[in-house]
Amino acid sequence: MTRLVVIGAGMASGRVLEHLFEAAPEKFDVTLFNAEPRGNYNRIMLSPVLSGEKSYAEIVTHDDAWYGAHGVTCRFGERVTGIDRDRKVVIGEKGEVVYDKLIVATGSNPFIIPFPGHDLPGVVAYRDLEDTNAMIEAAGTPGASAVVIGGGLLGLEAAAGLRLRGMDVTVLHNVGHLMDRQLDETAGYLLKKDLEKRGIGVITRAATKAIEGDGRVERVVLEDGTSLPADIVVMAVGIRPAAQLGHAAGLEMGRAIKVDAQMRTSDPDIFAVGECVEFDGALFGLVAPLYDQAKVLARTLLGEEDAFRMRELSTKLKVTGCDLFSAGDFAEGEEREDIVFRDPARGIYKRLVIEGDRLVGAVMYGDTADSNWFFGLIKDATDIDEMRDTLIFGPAFQGGGAAAADPMAAVAALPDDAEICGCNGICKGDILKSIAGGAHTLDAVRAQTKASASCGTCSGLVEQVLAITLGDGFQMPTEKPVCTCTELTHEDVRRLIKAKELKSQPAVWQELGWKTPNGCHVCRPAINFYLLADWPLDYLDDPQSRFVNERNHANIQKDGTYSVMPRMWGGITTPDELRAIADAADKFGVPTVKVTGGQRIDLLGVRKEDLPAIWADLNDAGMVSGHAYTKGLRTVKTCVGSDWCRFGTQDSTGLGIKLEKILWGSWTPHKVKLGVSGCPRNCAEATCKDVGIICVDSGYEIGVAGAAGMDLKETELLAKATSEEEAIALVIAFVQLYRENAKYLDRAYKWVAKVGLDWVREQIVDDAENRARLVDRFEVSQSVYRKDPWAEHAKPKPAQRFHLLADLTQEAAE
Amino acid sequence: MSWIDIGHIDDIPLRGARLVKTHMGCLAVFRTGEAEVFAASDSCPHRGGPLSEGIVHDRKVTCPLHNMVFSLETGEAQGADEGRIETFAARVEQGRILLDGTLIAARGAA
Ligand code: SRM
Ligand SMILES: Cc1cc2nc3c(=O)[nH]c(=O)nc-3n(C[C@H](O)[C@H](O)[C@H](O)COP(=O)(O)OP(=O)(O)OC[C@H]3O[C@@H](n4cnc5c(N)ncnc54)[C@H](O)[C@@H]3O)c2cc1C
Ligand code: SF4
Ligand code: FES
């Protein structure tokens, strides 16, 4: 008999033994070492054990009787410490064993990030029965909390299991979306939503700082200061092949023990199988390929010919209710095409990645019924050209007519209590009731419910509710959608973001049924603005969704250089500021210095890599960005007013400066410019601005909706204010109303023309309480945005972005 | 093919780009996904717009000057526009960005 020694009684070696005993029951005398004090069990079923859906006994693959029947000498609970290849012995903790053939099947070790406190009791990995039992025990204390570090497959299964056992669970994930290696952002968003629904907290882009506790883990602290109570911390951040034995024995190594297609290492009598091997540069972490390896290794040991081949892999998450599937390759390669299907009503998302005539990758969430069929197409490299148009609908549709994605699904998916008309607080249910009561036109619904009777921006949504309810009985007027990524108009999208409380881009893409993975250059800047305007504290502004000028905080010029324009509050400057500007112009070789039409100075022709440095110089002189590049507050032009002018009635300069200091930094649908003139002679040209104030003896005349660009239009009188405070409050409320309601890229005059000045007046002049609420909301938003972007971007780390990533002209060619 | 390591994936913002200087001029490395990059010429064939400053969506970029859209996979202009940008092999491995090594050697080429 051949003396076969096996190191590691895990899932891979277990399979090898099964094949060997089946094919040649008498051929091998097996000694089986295992560091764990037990034999082979189905490791992937630890998750059901953790959640309580299965017991350990139910997941044992080989019990004592099985080992006995096959004459296996079991040395469980004994770690192998070395291999002596010259003497052909394996050195265990309790003694040596001689081998003719040796299998190394030591699996992997969980990776532990050495955060401060990572070695405290109560910090566990998720790999074996001991870890699982430690978690079950921690969950035994009522009200206990768990923090899971790592939002991959293992981390989420641990989180779901702990939650089912009643713990308070938070998952920390360092990337922007969960399971980032298997899922794209939308599927990651849906998964997060489902987990949150079952009470699991999820923090993405989380930067863990330390694990703390007195003698035992008590909490996890993040870089941003957040502190999360924790009775147990599960670190599930990845695995590393357990390959030290191979290394120490001098076998040929890569990142793990290198094997050939027959699972042979560089020593002809030593084989390796499972997660401890590297084949053709690849490592392994799922069982499907390990079972293939096991089969090949058994045949090799039996002297038969076989070769291991890499196959496509697929992933499913073993958390009940989170139906997801991912297979194939999204990451690399050229000439690829995406097909996206979204059904917001049912929370379904599917994406196929096609290369040439082949399906190469698939991600699905919410409906994975067809996943095996898609996986088959990927594995077999089936030619899908014939069914390309209907492929996404799955096998049932092949040969039949395909259902197109319903453009109104997003509205159909709204619950009855979702608010459709923000002005009058009318919900979808109210509208449905009025339709049931016979209101079959927009006007009729408007008359009965007041929905869309005020600013009118929700008319599109009311029409869609009518269309869904009445079917062909209602003729939809055709409004222009935002872009080709969606059927919805800007106004629809704005209302739906509020009604459905959508607070992230993936939420908008999915819940509103976007047709592209992440929008385009037309819709993304708009969505980014809507999200930050509606949820200033929840949504993080995304610079990658902004046009170049707003991302780089400078206006790009036709030659690729930039212009730099510091604020001059209300057009007032000082000799020191002027000197600093002159010095900066000299130091950075600025070719053109120009006085602008907005009462300040423009430095034109600055190189991109000089921007952080010139900003820092101007900052040092007390100046901040003039935002000459934003859809935001630009300038407040003033005249000299009562301070100097013999006609001045009020302090127009002072009021202009106050307004500029309140409004600066805020983002708006389009740019906002103000003028404050000290008397009706109007030297500050206030009557053609978005907001223009004319000071008079009795107070302030506040005009809005003027224009002097492509259109020329005089302001219309919004209100007269008797005090400066009142004037300021009216201006802020107007700007906030504009921010909350206007379509992206509508200047104020275009928006007012749509909603009517009367409605604007009702909101902010007649209704003092509403005016105060608008001012409050503006202040909340400014608590985030009223800061100098130059100062932020001139800091060393953000400033790196303005430089080359690499300079290959400095590298020597090989 | 030899590969050169030019930096960590997080040096490029998601749906952003950074420039790499080579003997053939500046090329842009775009990050389209958590671990997906493409390398292409930085210069728009229309009027030389810096593509690295464009908005990146799906596997495409929109030129910041006049909104031509290019596929980062093929380099072809999308829609009705005509034109093409040169693309280069790039990939991500273990969080590192790797570019086609011949870019170092190509002194004076093109
Ligand atoms: C620098 C300046 C001209 C000057 O040298 O005086 C200027 C320069 C530009 N204007 Fe202007 N506008 C400037 C005052 C104006 C004014 C006058 C004013 O503000 O009192 C107007 C008319 C008033 C108005 O806005 O309605 C004006 C109406 C426009 C328009 C048309 C807007 C419209 O809605 O009709 C555009 C195009 C746009 O925004 O889409 C524009 C766009 C531009 C852009 C940003 C073009 C571009 O996209 O690159 C120019 C940027 C140059 C740069 O790099 O700085 N600029 N622009 C002025 C800067 C003022 C400042 O201090 O911030
Ligand atoms: C909770 C959990 C859920 C999972 N879910 C899935 C899933 O759904 N789908 C999927 O495909 N995969 C899943 N996996 C991964 C899968 O379990 C592994 O890929 C598989 O177990 C690896 O098999 P292996 O034989 O290489 O290693 P293991 O099964 O880890 O076996 C290695 C054994 O070797 C022993 N050993 C190590 N060093 C020594 C030594 N020096 N001396 C003696 N003994 C030693 C270890 O104690 C261990 O028992 C999951 C894993 C975990 C932990
Ligand atoms: S008027 Fe035209 S050319 Fe002059 S600065 Fe304004 S946008 Fe540029
Ligand atoms: S320069 Fe790129 S579109 Fe004009």
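Restricted to strands (runs of 3 or more DSSP E) entirely inside the range A:524-610, no element has at least 3 residues that are within 16 Å of ligand 2 (Cβ to nearest atom). Has the range B:92-103 got at least one residue that is within 13 Å of ligand 4 (Cβ to nearest atom) and buried (at least 20 other Cβ atoms within 10 Å of the Cβ)? No: the range B:92-103 contains no residue that is within 13 Å of ligand 4 (Cβ to nearest atom) and buried (at least 20 other Cβ atoms within 10 Å of the Cβ). The single condition among (1) farther than 18 Å from A:Gln464 by Cα; (2) at pLDDT 90 or above; (3) open to solvent by 10 Å² or more (accessible area, probe 1.4 Å) that A:Thr484 does not meet is (2).
May I ask you to list the residues in the range A:180-192 that are surrounded by fewer than 24 Cβ atoms within 10 Å (Cβ to Cβ) and part of a loop (DSSP other than H, G, I, E, B)? Those that are surrounded by fewer than 24 Cβ atoms within 10 Å (Cβ to Cβ) and part of a loop (DSSP other than H, G, I, E, B): A:Asp180, A:Arg181, A:Gln182. Highlighted here are the strands (runs of 3 or more DSSP E) found entirely within the range A:269-379 that include at least 1 residues which are open to solvent by 10 Å² or more (accessible area, probe 1.4 Å): A:314-316, A:324-328, A:336-343, A:348-355, A:358-365. Here B:Ser2 meets the list (1) at pLDDT below 95; (2) within 16 Å of ligand 4 (Cβ to nearest atom); (3) facing chain A (nearest Cβ under 8 Å) almost entirely, failing just condition (2).
Apart from one condition, A:Ala453 fits all of (1) in a helix (DSSP H, G or I); (2) away from every other protein chain (no Cβ under 14 Å); (3) not polar (S, T, N, Q); the exception is (1).
Identify all residues within the range A:551-575 that are at the interface with another protein chain (Cβ under 8 Å from one of its Cβ atoms) and open to solvent by 20 Å² or more (accessible area, probe 1.4 Å); write none if there are none. Result: A:Ile556, A:Lys558, A:Gly560. Scanning the range B:56-66 for residues being modelled with pLDDT of 90 or more and more than 13 Å from B:Ala39 (Cα to Cα) gives a total of 5.
Taking first residues from the range A:551-564 that are more than 8 Å from ligand 1 (Cβ to nearest atom) and partners that are of a type in the set (Lys, Arg), the Cβ contacts under 6 Å between residues at least 6 apart in sequence or on separate chains come to A:Thr561/A:Arg607.
Within the range A:297-338, if we keep just the residues that are farther than 16 Å from A:Ala282 by Cβ and within 14 Å of chain B (Cβ to nearest Cβ), the residue that is modelled with the lowest pLDDT turns out to be A:Gly333. Name the pairs: first residue in the range A:596-614 and surrounded by fewer than 18 Cβ atoms within 10 Å (Cβ to Cβ), second residue part of a helix (DSSP H, G or I), Cβ to Cβ under 8 Å, at least 6 apart or on different chains? Every condition considered, the pairs that remain are A:Glu609/A:Phe802; A:Ala613/A:Ala794.
Within the range B:12-27, which residues are surrounded by 17 or more Cβ atoms within 10 Å (Cβ to Cβ) and within 12 Å of A:His803 (Cα to Cα)? Answer for the range B:12-27, where residues must be surrounded by 17 or more Cβ atoms within 10 Å (Cβ to Cβ) and within 12 Å of A:His803 (Cα to Cα): B:Ile12, B:Ala17, B:Arg18, B:Leu19, B:Val20.
I'd like to know if the range A:214-232 contains one or more residues that are in contact with a helix residue (DSSP H, G or I) (Cβ under 6 Å, 6 or more places away or on another chain) and not small (Gly, Ala, Ser). Yes, the range A:214-232 contains at least one residue that is in contact with a helix residue (DSSP H, G or I) (Cβ under 6 Å, 6 or more places away or on another chain) and not small (Gly, Ala, Ser).
Just one of the numbered conditions (1) within 14 Å of chain B (Cβ to nearest Cβ); (2) surrounded by fewer than 19 Cβ atoms within 10 Å (Cβ to Cβ) is not true of A:Arg524: (2).
Looking only at residues in the range A:530-550 that are within 15 Å of ligand 1 (Cβ to nearest atom) and touching a residue at least 12 places away in the same chain (Cβ under 8 Å), the one that is most open to solvent (accessible area, probe 1.4 Å) is A:Phe547. Note on the range B:33-57: among residues that are within 11 Å of ligand 4 (Cβ to nearest atom) and touching a residue at least 40 places away in the same chain (Cβ under 8 Å), the one that is farthest from the other protein chains (Cβ to nearest Cβ) is B:Pro45.
Of the set (1) in a helix (DSSP H, G or I); (2) open to solvent by 30 Å² or more (accessible area, probe 1.4 Å), all apply to A:Glu463 but (2).
Conditions (1) touching a residue at least 24 places away in the same chain (Cβ under 8 Å); (2) among the aromatic types (Phe, Trp, Tyr); (3) more than 16 Å from ligand 1 (Cβ to nearest atom), marked per residue:
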| position | (1), (2), (3) |
| --- | --- |
| B:Leu14 | no, no, yes |
| B:Lys21 | no, no, yes |
| B:Arg31 | yes, no, yes |
| B:Phe88 | yes, yes, yes |
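Among all residues of the range A:26-39, there is at least one that is open to solvent by 40 Å² or more (accessible area, probe 1.4 Å) and among the acidic types (Asp, Glu).
Listed here are the residues, each with its yes/no results for (1) modelled with pLDDT of 95 or more; (2) under 30 Å from B:Gly79 (Cα atoms); (3) within 16 Å of ligand 4 (Cβ to nearest atom); (4) over 18 Å from the mean Cα position of the chain (by Cα).
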{"site": "A:Arg524", "(1), (2), (3), (4)": "yes, yes, no, no"}
{"site": "A:Phe529", "(1), (2), (3), (4)": "yes, yes, no, no"}
{"site": "A:Leu532", "(1), (2), (3), (4)": "yes, no, no, no"}
{"site": "A:Asn552", "(1), (2), (3), (4)": "no, yes, no, yes"}
{"site": "A:Gln557", "(1), (2), (3), (4)": "no, yes, yes, yes"}
{"site": "A:Gly560", "(1), (2), (3), (4)": "no, yes, yes, yes"}
{"site": "A:Ile572", "(1), (2), (3), (4)": "yes, no, no, yes"}
{"site": "A:Asp576", "(1), (2), (3), (4)": "yes, no, no, yes"}
{"site": "A:Ala582", "(1), (2), (3), (4)": "yes, no, no, yes"}
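The values are calculated or read from the model by the stated rules, or taken from the named source; none is laboratory data. The model shown is predicted, which means the values in this text are computed figures rather than measured ones. Cβ atoms come from the backbone with ideal geometry, glycine included; neighbour counts cover every protein chain shown. Areas reflect the complete protein model, heavy atoms only, side chains present, ligands, DNA and RNA absent. Shrake-Rupley method; radii C 1.70, N 1.55, O 1.52, S 1.80 Å.
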